[in-house]
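Notes to accompany the following structure.
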Amino acid sequence: MNKRHFISLALCLVLVKFGHAAEVASPDKPITCSYNHKALNTSGGAELHIKNSKISRVYFKSYYPGGPGKLSFICDIDLKRNDAAYSWQDDDSGILITTKETGDTIQLSRNKKKKGYFLNFAKLNKLSKYCGAGAEVPEDVFIPLSGKPCKVTMPH
């Protein structure tokens, strides 16, 4: 093992030990998960990108194939920290992302106990900006650090 690999391994172990496993993600290897909600016949996934120890991008995509008499839709939400269309407010509980055009918000909260992040869409009202006709997104998405599938809560 060369010195560079040893330092990388040591850094990963330190970050995991102190509960900062998410910080080992890189633009090349984001924290990702996918889901398949059979009851609603929808699927999708989420990605969190980290740069300089901060989440720099939140990406969410869902797909509903439609069916006889029903429209299909794709919902593609791509929020980048350096995009002037959004303001990002970081605090101890997570990140509040606000769309400057509509004032809608998306909350990203870290859950150390469950080892992952909750992406909450409850206050995202202008879905038409991101999604096709008849689109629904989950109320929230849990993105585990383990690489396991996302857990979604669909609106009632």
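We did not get these values from a lab; they are worked out from the coordinates using the rules stated. It should be emphasised that the depicted structure is a prediction, and the values quoted were computed from it without experimental measurement. Backbone-built Cβ (ideal geometry, glycine too); neighbour counts: all protein chains shown.
Below, the figures for the structure above:
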{"read-out": "For ASN120, net neighbour charge (Lys/Arg +1, Asp/Glu -1) across residues whose Cβ lies under 10 Å away", "value": "-1"}
{"read-out": "Table column - 3J(HN,Hα) (Hz), the range 60-77, Karplus curve with 6.51, -1.76, 1.60, x for Gly and Pro", "value": "9, 9, 10, 9, 10, x, x, x, x, x, 10, 6, 8, 8, 10, 10, 10, 10"}
{"read-out": "Net charge of Cβ neighbours under 13 Å - reference TRP88; Lys, Arg +1; Asp, Glu -1", "value": "+3"}
{"read-out": "Most to least packed among 67-79, 115-127 [average Cβ atoms within 10 Å]", "value": "115-127, 67-79"}
{"read-out": "Phi to ³J(HN,Hα) by Karplus 6.51 cos²θ - 1.76 cosθ + 1.60 over the range 101-107, Hz, x for Gly, Pro", "value": "5, 10, x, 5, 10, 10, 9"}
